[in-house]
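Here the structure comes first, spelled out in structure tokens, and everything after it is commentary.
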Amino acid sequence: MAERKGKSLTGTYEHKSVEEKWMQAWKDRNDTIASPGGSRPKYYVLEMLPYPSGRLHMGHIRNYSIGDALARYKRMRGFNVLHPMGWDAYGLPAENAAIKNNVHPQKWTFDNIAYMKRQFQRFGFSYDWSKELTTCLPEYYRWNQWFFLKMLERDLAYRKNSRVNWCPACQTVLANEQVVEGCCWRHEEIPVEQKELEQWYFRITSYADQLLQDMDKLTSWPERVLAMQRNWIGKSVGAQIQFPVTGMEKAVTIFTTRLDTIYGATSVLVAPDHPLIPKLLEGVAGSANILRDIGRLQSGRPGAQSGDAEKEGVFLGRFASNPFTGDQVPIWAANFVLMEYGTGAVMSVPAHDQRDFEFSQKYRLPVRLVVQSPDTTLDAKKLEAAYTDYGVLVDSGPYSGLSSQEALRKMGEDARQRGFGRSDITYRIKDWGISRQRYWGTPIPVLYCAKCGIVPVPYEQLPVLLPQNVQITGLGHSPLRDVPEFLQTTCPRCNGPAERETDTMDTFVDSSWYFFRYTDPSYAKLPVDPEAVKYWFPIDQYIGGVEHAILHLIYARFFAKVMRDLALTQIDEPAARLFTQGMVIKDGAKMSKSKGNLVDPDDMVEQYGSDTTRLYVLFAAPPEKDLEWNDAGVEGPYKFLSRAYRFVNRYAQQAASPATTASAEPSSEDRKVLRKLHQTIRRITSDFEGRWHFNTDIAALMELVNALYNQEGQLSRAAQRECSETLVKLLSPFAPYVAQELWQQLGHSENLTDVDWPSFDPALAKEEEIEVIVQVNGRLRSKILARENLTADELKEIALSDPRIAYIINRQEVLKTIVVPNKLVNIVLSEHRKTAPTAP
């Protein structure tokens with residue numbers, strides 16, 4: 001980077017002058033532009049792209065500050081770093097804003113992009129803007145349409161009539177993944193309704209097993225995210241069993257994973273929308289009233305998916321026969337049984353399933369215990385909750401005395417041989433409904449012809465452009481239906497009249513593959529340049545919120561596998577490492593417009609500067625934890641930057657004066673400060689390469705500056721230079737503006753991202769090990785060796801991982817952990833088991 005002309009800023013730290021100077025100098029920077037090839041190792045660091053809602057919020061700033069610190073560090077370590085940014089530009093907020101403000105969604109979106117991009121540049125984030133992409137532009141969304149056509153060819157895209165989730169606020173369909181505890185993911189207090197509609201789907205279920213199996217490759221993803229995805233995919237290995245309906249030549253086929261409990265079945269439960277219900281109600285007295293009550297169950301069904309929702313049911317006036325026992329059991333419709341899971345019907349075993357237990361308590365159904373615990377004797381009459389573990393079968397006819405595992409195998413084989421059952425695998429995940437009845441999204445590239453039926457738009461006619469002259473109403477149907485010049489077209493097969501599909505795609509389609517397009521956003525032959533993808537992928541570090549674990553991340557993994565099968569890529573998983581940062585909290589709640597607790601980053605920049613704001617969001621809490629915003633807390637990082645600035649600035653001015661005679665050997669004061677310096681290098685380097693303790697790294701820099709001030713008048717010129725230059729390098733990933741300014745004051749012209757990261761002297765960086773006592777409930781249980789001056793969290797982590805302590809705790813509840821730095825860790829266990837076992 002060429003040196004910016006003009007006098008360096010000296011004296012008191014004036015953040016406005018410093019940041020304005022370097023923001024202008026970096027405006028046309030090219031040192032962040034990344035290209036494949038060369039001798040340097042590649043590193044692809046990526047934060048999830050933002051929706052251009054108007055302006056950045058503090059959650060954004062935290063996310064991007066983490067990613068930018070890593071990108072800057074990796075550049076200084078000699079990596080060829082790809083660090084791009086773009087805009088997830090389609091979606092309902094733009095359309096709703098258009099309705100509210102009488103402005104076209106495109107203008108609203110582009111105005112917001114321009115504003116937010118200025119904010120990005122104001123914060124000094126080192127993005128490769130040559131890779132910028134905007135998902136609402138035809139050069140991007142044409143490839144959404146291309147993917148749709150390829151999936152249609154492979155039967156991965158299809159259309160069907162089904163009961164769907166409908167948000168009355170959004171006035172559109174939602175995918176199952178967008179329903180959170182029965183409410184819309186955008187409107188957490190608005191219950192989702194059920195509608196019968198014909199919709200387009202992506203067959204994500206075809207990849208369910210791969211999505212599960214490939215989690216074994218994601219060794220650097222948070223276990224929390226993997227657990228959420230495993231649960232959402234919900235693979236269940238079990239059996240289908242037919243329960244013949246009494247008095248009818250029909251049977252209700254149930255799915256169960258616990259066939260060993262079938263002797264305890266006291267009813268059969270079907271989903272309120274089960275297709276067999278009309279037949280079951282034929283000839284049943286009061287069937288009209290039953291149907292009315294079932295309709296009530298259906299209207300509340302999305303909320304029933306929550307484990308805390310009240311269980312409700314309607315008796316259908318019919319009975320079924322348990323094929324193992326011959327017992328007659330009543331058939332009910334229940335709100336917590338889903339047609340989308342298994343066969344849409346289950347056997348209710350209250351003693352061994354908690355939902356069934358709650359259902360039986362409400363409707364006074366029998367509870368039959370058929371699996372005994374190996375540890376204690378259970379009594380069905382005294383059960384306060386279902387016993388759901390495996391055990392030994394009782395009151396189960398010829399299977400009594402078998403273990404649950406043995407009974408599952410034998411019962412399954414007997415059911416198959418007797419012709420009323422078979423083994424089965426089912427999944428909780430369902431196909432991804434991508435149809436949206438709104439305007440601001442990618443047009444779905446199909447036509448409807450009276451003669452030819454559903455006809456895909458030919459590839460050469462892509463993109464199907466989203467028209468501009470649209471009257472946007474948000475009334476529950478796509479406005480595109482009211483645009484004749486878009487709707488009416490010609491069938492490419494018979495040249496007869498045809499109509500275009502007027503639904504648009506779910507905007508999660510846009511964000512499911514954008515990270516591939518970043519590698520060459522101008523590539524025109526295919527959605528991605530296979531060679532560029534081969535060089536850059538997988539993403540080395542992906543950063544974003546845990547709220548995207550089910551929505552974006554599972555869709556992104558699905559798209560990666562489809563792209564592999566289309567021979568566009570050679571990878572199974574898009575991101576090798578994933579980091580989920582904590583939320584920014586204020587007044588006890590996540591910052592949001594609706595809660596009125598937002599802190600405007602522009603206000604923070606005006607008062608304290610971009611560097612201080614970045615430093616605060618990295619310092620106030622560990623990156624993976626929620627950050628409780630404290631307005632007064634911002635002053636600490638600002639004072640620290642001012643102190644660091646003054647120290648280096650004074651040395652820079654002294655260095656410009658004639659040198660005095662230097663001592664040949666470092667003094668004791670030099671050695672003391674250099675030891676602290678090299679320990680700080682080692683600590684920050686280790687944290688960047690491992691677990692990110694950026695909060696303690698910044699604390700270490702504060703301690704280093706304190707040490708420098710304490711010894712300032714006693715340091716040699718050589719020690720001052722080494723400390724000043726190294727401090728600036730260590731500071732640069734976290735506070736790039738002030739670091740670059742000080743680097744120039746020290747006589748350097750290059751950009752700090754082109755400077756080598758400092759290395760540490762192992763002898764100087766060696767930290768003394770100390771013995772720390774570990775107690776459990778106040779009693780000495782172990783002693784561990786640890787580095788001195790570890791944080792409370794670090795000491796706690798080491799203590800809990802000690803084998804003796806892990807054995808003593810043995811899955812007991814840890815109420816709290818008391819840490820006395822450098823001396824003691826006391827782990828307090830729950831009251832009911834205060835006496836810890838003695839380790840062997």
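Could you name the aspartates and glutamates whose alpha carbon sits less than 20 Å from that of K766, not counting residues in the same chain fewer than 8 places away?
Of all the aspartates and glutamates, those that pass the test against K766 - Cα under 20 Å, at least 8 places apart if same chain - are E669, D670, D687, E689, D697, E703, E722, E788, E794.
Given points 7 Å out from each Cα along the Cα-Cβ axis, report the V237 to D111 separation in nanometres with one decimal.
The two pseudo-label positions are separated by 5.8 nm.
Mind pulling up the Rg/Rh value for region 131-200? Radius of gyration and Kirkwood radius, both on Cα.
Over the Cα atoms of region 131-200, Rg/Rh equals 1.08.
Order 335-344, 795-804 from most to least packed using the mean count of other Cβ atoms within 10 Å.
335-344, 795-804
Output ³J(HN,Hα) for region 135-140: one whole-Hz value per residue in order, computed from phi by the Karplus curve 6.51 cos²θ - 1.76 cosθ + 1.60 with θ = phi - 60°, and x for Gly and Pro.
Taking θ as phi minus 60°, the curve returns 6, 8, 8, x, 5, 9 Hz for region 135-140.
Within straight cross-link reach of K16, meaning Cα distance under 15 Å, which aspartates and glutamates are found once same-chain residues fewer than 8 apart are removed?
D602, D603, E606, D611, E741
Shape verdict for region 1-124, please, from the Cα gyration tensor: rounded (a/c under 1.5), prolate (a/b greater than b/c) or oblate.
Here region 1-124 falls in the oblate category.
Along the positive direction of the dipole of the chain (beta-carbon charges: Lys, Arg +1; Asp, Glu -1; about the Cα centre), which of M85, Y13, A285 reaches farthest?
So the residue we want is A285.
Could you look at region 104-232 and say what percent of its accessible area is carbon and sulfur, using a 1.4 Å probe and all protein chains?
46
Could you tell me the center-to-center distance, by alpha carbons, between region 454-506 and region 151-207 in angstrom?
Using only Cα atoms, the two centres lie 21 Å from each other.
Quick query: amide H of L627 versus all other amide H atoms, modeled in the peptide plane; which residues come in under 5 Å with a sequence gap of 5 or more or a different chain?
Counting only residues 5 or more places away or on other chains, the set is M583, V584, I585.
Before rounding to the nearest 500, sum -39500 (n - 2.57) across all DSSP H runs of length at least 4 in the chain and divide by the residue total; then give [θ] at 222 nm in deg cm²/dmol.
Mean residue ellipticity at 222 nm (helix-derived): -10500 deg cm²/dmol.
For region 500-610, just run the numbers: alpha carbon Rg, then divide by 2.2 N^0.38 Å, N being how many residues it has.
Output field value: 1.39.
Per-residue counts of other Cβ atoms within 10 Å, averaged by peptide: what ranking do you get for 533-539, 324-330, highest first?
Highest to lowest by the protection proxy: 533-539, 324-330.
Might you report the magnitude of the Cβ-based charge dipole of the chain about its Cα centre, with Lys and Arg at +1 and Asp and Glu at -1, to the nearest 20 debye?
220
Dipole size in debye (nearest 20) for region 696-773 around its Cα centre, Lys and Arg Cβ +1, Asp and Glu Cβ -1?
320
Taking +1 at the Cβ of each Lys and Arg and -1 at the Cβ of each Asp and Glu, which of Y201, N777, F760 sits farthest along the dipole of the chain towards its positive end, judged by Cα position relative to the Cα centre?
Farthest along the dipole direction, towards plus: Y201.
Whole-Hz ³J(HN,Hα) for each residue in region 633-644, computed from phi via Karplus 6.51 cos²θ - 1.76 cosθ + 1.60 with θ = phi - 60°, x for glycine and proline: what do you get?
My calculation for region 633-644 gives x, 5, 5, x, x, 5, 5, 4, 4, 5, 5, 4 Hz in order.
Using alpha carbons only, how many angstrom separate the centre of region 115-147 from the centre of region 23-47?
Here the two parts' Cα centres lie 16 Å apart.
In the chain, with Lys and Arg counted as +1 and Asp and Glu as -1 at Cβ, which of these residues, S403, S130, V546, has the Cα nearest the positive end of the dipole, that is, farthest along it?
Farthest towards the positive end: S403.
Using a cut-off of 17 Å between alpha-carbon atoms, which aspartates and glutamates can reach K279, once sequence neighbours fewer than 8 places away in the same chain are excluded?
Counting by Cα, and skipping residues close in sequence, K279 has these aspartates and glutamates nearby: E249, D293.
Please calculate how many Å² of accessible area the chain carries per residue, with a 1.4 Å probe and no DNA, RNA or ligand atoms counted.
The answer is 43 Å² per residue.
Using Cα pairs under 8 angstrom and six or more residues apart, how large is the relative contact order of the chain, in percent?
14
Could you size up the charge dipole of region 16-107 around its Cα centre, putting +1 on the beta carbon of Lys and Arg and -1 on that of Asp and Glu, and report it in debye to the nearest 20?
300
Would you kindly state how much longer the chain becomes between E14 and V103 on full extension, computed as 0.36 nm times their sequence separation minus their alpha carbon distance, in nm to one decimal?
Working it through step by step, the gained length comes to 28.0 nm.
Using amide H atoms built in the peptide plane, which far-off residues or other-chain residues are under 5 Å from A157 H to H?
Excluding prolines and chain starts, which carry no amide H, the hits are L152, R203.
Quick one: which of K195/K451; K117/K534; K595/K816; K586/K729; K107/K131; K42/K676 span more than 24 angstrom between C-alpha atoms?
K195/K451; K117/K534; K595/K816; K586/K729; K42/K676
Against the longest alpha carbon principal axis of the chain, how many degrees, from 0 to 90 and to the nearest 10, is the axis of helix 354-363 turned?
With rounding to tens, the tilt is 50 degrees.
If you count, for each residue, the other Cβ atoms within 10 Å and average over each peptide, how do 742-754, 719-731, 771-783, 458-470 line up from highest to lowest?
719-731, 742-754, 771-783, 458-470
Between K451 and D414, what is the spin-label point distance in nm, taking each point 7 Å from the Cα along the Cα→C-beta axis?
The two pseudo-label positions are separated by 6.3 nm.
Measure nothing fancy, just the Cα-based angle from helix 92-101's long axis to the longest principal axis of the chain, in degrees from 0 to 90, nearest 10.
Roughly 80 degrees, rounded to the nearest 10.
If amide H atoms are built 1.01 Å from N in the plane of the peptide, which residues on other chains or at least 5 residues away come under 5 Å of the amide H of C184?
I190, V192
Averaged across orientations, what area in nm² does the convex hull of the alpha carbons in the chain project?
It is 43.2 nm².
Residue by residue, what Karplus-based ³J(HN,Hα) values in Hz, rounded to whole numbers, does region 28-43 have, using 6.51, -1.76 and 1.60 with θ = phi - 60° and x for Gly and Pro?
10, 5, 10, 6, 9, 6, 10, 10, x, x, x, 8, 6, x, 7, 8
The values are calculated or read from the model by the stated rules, or taken from the named source; none is laboratory data. Note that the structure is predicted; figures quoted are calculated from it, not measured. Reconstructed Cβ throughout: ideal geometry from the backbone, glycine too, with neighbour counts over all protein chains shown. Protein only, heavy atoms only, side chains kept; ligands, DNA and RNA dropped before computing areas. Shrake-Rupley method; radii C 1.70, N 1.55, O 1.52, S 1.80 Å.
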